[in-house]
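S.K.: Okay, here's the structure, questions in a sec.
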Amino acid sequence: MKKYDAVVIGAGNGGLVAAIRLLQGGAKTLLVEKHNLPGGFATSFRRGRFEFEASLHELNDFGTADNAGDVRVLFDELGVTDKIEWTQIPEAYRVIARAEKLDATMPFGVQAFIDKMESYVPGSRASMVKFFDLAEEIRLAQAYSSSVNGNTDSKYMVKHYGNFVRCGSYSVNEVLDTLKMPKKAKDILNAYWCYLGAHCDDLSFMHYASMVNRYIKRGASMPKMRSHEISLALTERIRELGGDVLFNTEAVKILTDEKDGGVSGVVLDDGTPIQTRHVVANCAPHLVFGKMMDKAPEAEVRATNARKFSGRGFSMFLGLDADADELGVENHNYFLYDTADSAAQYERMRTIRDNEVQATVCLNRAYPECSPKGTCMMYFTTLYMSDDWGNVKAEDYFRTKDYVANKMIDRFEQDTGAKLRGHIEEISVATPMTYARYCGHPEGVIYGYESQYWDGLMPRLQMMGEDHKVRGLRFAGGYAMRLSGYSSAYFSGDISGRQTVGDIKREG
């Protein structure tokens with residue numbers, strides 16, 4: 001029987017980073033991935049003469065060599081930064097909300113962002129300054145919490161990050177109201193909410209402020225060869241460090257010890273047993289406890305069932321035979337809403353019929369050479385806040401895909417004035433069924449668990465010890481303690497990898 005110090009299940013963002021951290025810590029490590037490529041959602045695919053990005057709109061908190069963000073620092077430590085060719089995103093976003101007749105384009109850079117907001121909403125400056133000061137304190141508090149693996153000293157936290165503690169249990173809108181931020185400024189600032197899949201009456205302020213601050217402070221980046229370039233660089237680094245990687249290989253069982261219930265091994269899909277006392281699972285706990293383990297602690301099952309799935313993904317990819325200028329596509333990143341009221345919009349996103357929200361990207365605005373000259377590529381994404389696609393009959397599936405895709409194109413043309421129809425050379429559509437099939441996520445969920453009051457970013461970070469109930473089993477990726485998003489997945493792998501190294505060393 002083959003024996004490893006640790007086995008990482010799933011070569012998504014979190015699993016790839018966890019494997020590197022394990023190897024850097026001296027652990028003999030095996031990474032298994034059921035697909036033939038690494039990355040999970042962090043990949044690309046070709047249709048005709050276009051190479052489409054599967055999911056990444058922009059990578060936040062990466063920064064530049066002279067203004068490095070936490071993600072770049074992590075990539076430097078992993079040894080992969082220079083393996084990837086980066087391009088900078090030109091602006092933060094453009095948000096259009098029909099009910100409020102809102103159309104605002106916001107820049108990167110804290111001061112530039114505040115100045116632009118003041119031009120749209122005179123009198124908003126003071127509240128915006130307070131917001132970014134508070135958001136920076138939150139970022140520093142999170143960095144402290146991560147540095148001590150969630151074992152925070154409450155006295156130290158209160159002394160150094162008092163405002164962080166004060167706003168810890170409040171929603172985005174509750175804190176912004178306390179800061180006396182004008183409504184229009186809130187509407188513009190809250191545009192990113194769909195990237196976290198929870199509305200601003202329920203979404204943790206700390207989670208949202210942390211994300212926005214990281215985006216705006218250091219800008220955003222994109223690998224020129226799509227997110228698959230990151231996945232390949234991380235895989236190459238695993239092999240450089242002596243790790244074993246098996247593609248086209250699915251881990252079907254996690255074996256447990258009869259004495260303590262902890263991890264004792266993994267069984268692969270061909271029946272091969274692997275002996276190990278440590279597993280980092282880059283997959284859904286619903287899958288692990290519901291399918292891969294014969295015996296799971298009742299507390300883990302209860303906690304997993306109590307959590308709420310976040311958005312189910314739908315994406316449309318267009319390859320167009322005209323450039324962005326000719327089509328009238330002016331920006332890189334668009335948010336199109338019926339209303340800036342995120343709670344009301346969230347409710348409309350429960351059904352296929354009512355959901356017309358989209359987050360849309362034209363990569364050519366950041367990297368003009370990403371497609372052949374005289375062409376451009378666009379990605380359209382929305383979320384469904386219920387399993388309404390589960391109600392679609394098999395015979396209606398393709399008709400429903402066409403219905404949603406047409407709605408997306410119509411909506412973009414109406415809200416922006418761009419002209420896309422007549423220029424579509426390639427089109428590909430991914431529904432929740434696609435995501436469920438490709439990555440094994442329940443109901444086609446792409447954002448892991450929803451960031452709720454009791455189960456948001458900081459509660460999960462601070463409860464890492466209590467969450468660790470099965471000896472030798474930790475999680476990474478969108479379902480783990482950092483919740484959804486590329487940056488969060490990388491950091492979850494960093495934390496779980498380092499924690500597992502500590503577990504191994506304590507065992508001797």
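S.K.: Sort LYS155, LYS401 by Cβ crowding within 10 Å, fewest neighbours at the top.
M.R.: On the way: LYS155 8, LYS401 19.
Going from sparsest to densest Cβ surroundings: LYS155, LYS401.
S.K.: Also, quick follow-up: Could you pull out every residue, at least 5 positions away or on a different chain, whose amide H is within less than 5 Å of the one on CYS283? Hs are placed 1.01 Å off N in the peptide plane, and Pro or chain starts have none.
M.R.: Here the answer is ALA476, since their amide H atoms fall under 5 Å of that of CYS283.
S.K.: By its C-alpha gyration tensor, with a ≥ b ≥ c as the square roots of the eigenvalues, how is segment 166-299 shaped: rounded for a/c under 1.5, else prolate for a/b larger than b/c, else oblate?
M.R.: Because a/c hits 1.5 or more and a/b fails to exceed b/c, segment 166-299 counts as oblate.
S.K.: Out of all DSSP beta bridges with both ends in the chain, state the antiparallel percent to the nearest 5. The partial results should precede the final answer.
M.R.: Numbers: 50 of 70 bridges.
Antiparallel bridges: around 70 percent, rounded to the nearest 5.
S.K.: Let me ask something additional. Evaluate E = 1/(1 + (r/R0)^6) for GLN88 and TYR438, where r is the Cβ-Cβ distance and R0 equals 25 Å; express this FRET efficiency to the nearest 0.05.
M.R.: Details: r = 29 Å, r/R0 = 1.18.
Rounded to the nearest 0.05, the efficiency is 0.30.
S.K.: Determine which aspartates and glutamates satisfy two conditions relative to LYS295: a Cα distance under 18 Å, and not lying fewer than 8 residues away in the same chain.
M.R.: Within the straight-line limit of under 18 Å, LYS295 reaches these aspartates and glutamates: ASP257, GLU258, ASP260, ASP467.
S.K.: Could you tell me the distance between the Cα centroids of segment 401-458 and segment 97-171, to the nearest Å?
M.R.: 28 Å
S.K.: Report, in debye and to the nearest 20, how large the dipole of segment 49-107 comes out about its Cα centre when Lys and Arg carry +1 and Asp and Glu carry -1 on their Cβ.
M.R.: Values: 6 positive and 13 negative charges, 79 e Å.
The dipole of segment 49-107 has a size of about 380 debye.
S.K.: Lys and Arg at +1, Asp and Glu at -1: add these up for the other residues within a Cβ distance under 10 Å of VAL361 and post the number.
M.R.: On the way: positive: ARG365; negative: GLU53, GLU58.
Result for the local shell: -1.
S.K.: Moving on to the next point. Using alpha-carbon pairs under 8 Å, 6+ residues apart, how would you state the relative contact order of segment 108-216 in percent?
M.R.: Working: 95 pairs, mean separation 40.3, N = 109.
Normalised by residue count, the contact order of segment 108-216 is 37 percent.
S.K.: Of the GluC sites (Glu not before Pro) in segment 253-337, which ones lie in a loop per DSSP and count no more than 13 other C-beta atoms within 10 Å? Could the numbers behind the result be given before it?
M.R.: On the way: sites: GLU258, GLU298, GLU300, GLU326, GLU330; in loops: GLU258, GLU330.
Passing both the DSSP loop test and the Cβ count: GLU258.
S.K.: Using +1 on the beta carbon of Lys and Arg, -1 on that of Asp and Glu, and nothing else charged, what's the dipole of segment 108-216 about the Cα centre, debye to 20?
M.R.: 180 debye
S.K.: Would you compute, from DSSP H runs of 4+ residues alone, the mean residue ellipticity of the chain at 222 nm, taking -39500 (n - 2.57) per run and dividing by the full residue count, rounded to the nearest 500?
M.R.: On the way: 18 runs with 189 residues, N = 508.
So the calculated ellipticity at 222 nm is -11000 deg cm²/dmol.
S.K.: Moving on to the next point. Can you list the lysines whose alpha carbon sits under 16 Å from that of LYS101, skipping same-chain ones fewer than 8 residues off?
M.R.: Here the lysines satisfying the reach criterion relative to LYS101 are LYS183, LYS184, LYS186.
S.K.: Dividing the Cα convex hull volume of segment 103-175 by residue count, how many Å³ per residue is that?
M.R.: Numbers: hull volume 8.6 nm³, N = 73.
Dividing the Cα hull volume of segment 103-175 by its residues yields 118 Å³.
S.K.: A follow-up question, please. With a point put 7 Å past each Cα toward its Cβ, work out how far LYS295 is from ALA99 in nm, to one decimal.
M.R.: Computed distance between label sites LYS295 and ALA99 equals 5.3 nm.
S.K.: So, one more: What is the angle, in °, between the Cα long axis of helix 486-507 and the longest principal axis of the Cα atoms in the chain? Nearest 10 is fine, range 0 to 90.
M.R.: Tilt relative to the chain: about 10 degrees.
S.K.: Next question. Using square roots of five times the C-alpha gyration tensor eigenvalues, list the equivalent-ellipsoid semi-axes of the chain in whole Å, biggest first. Mind dumping the intermediate values first?
M.R.: Details: eigenvalues 246, 151, 96 Å².
Computed over the chain, the values are 35, 27, 22 Å.
S.K.: Rounded, prolate or oblate: which one fits segment 10-100, using the alpha carbon gyration tensor with axes a ≥ b ≥ c (rounded when a/c is under 1.5, else prolate when a/b beats b/c, else oblate)? It would help to have the intermediate numbers written out before the result.
M.R.: Working: a/c = 2.14, a/b = 1.39, b/c = 1.54.
It is oblate, given that a/c is not under 1.5 and a/b is not larger than b/c.
S.K.: Under a cut-off of 15 Å between alpha-carbon atoms, report the aspartates and glutamates in cross-link reach of LYS407, not counting same-chain residues fewer than 8 places apart.
M.R.: The reachable aspartates and glutamates, counting only those whose Cα sits under 15 Å from LYS407, are ASP338, ASP354, GLU356, ASP415.
S.K.: Which of rounded, prolate or oblate describes segment 75-223 when judged by the alpha-carbon gyration tensor and an a/c cut-off of 1.5?
M.R.: Details: a/c = 1.93, a/b = 1.14, b/c = 1.69.
Oblate, since a/c reaches 1.5 and b/c is not below a/b.
S.K.: Next up: For Cα pairs less than 8 Å apart in space and 6+ apart in sequence, what is the mean separation divided by the residue count of segment 36-162, i.e. the relative contact order in percent?
M.R.: Numbers: 81 pairs, mean separation 11.0, N = 127.
Result for segment 36-162 is 9 percent.
S.K.: When the convex hull of the Cα atoms of segment 268-426 is projected onto a plane and the area is averaged over all directions, what value comes out in nm²?
M.R.: Values: hull surface 57.3 nm².
Averaged projected hull area, Cα only: 14.3 nm².
Every number here is computed from the coordinates shown, using simple stated rules; none is lab data. Keep in mind that this is a model prediction, so the values were computed, not measured. As a convention, Cβ positions derive from the backbone with ideal geometry for all residues, glycine included, and neighbour counts pool all protein chains shown.
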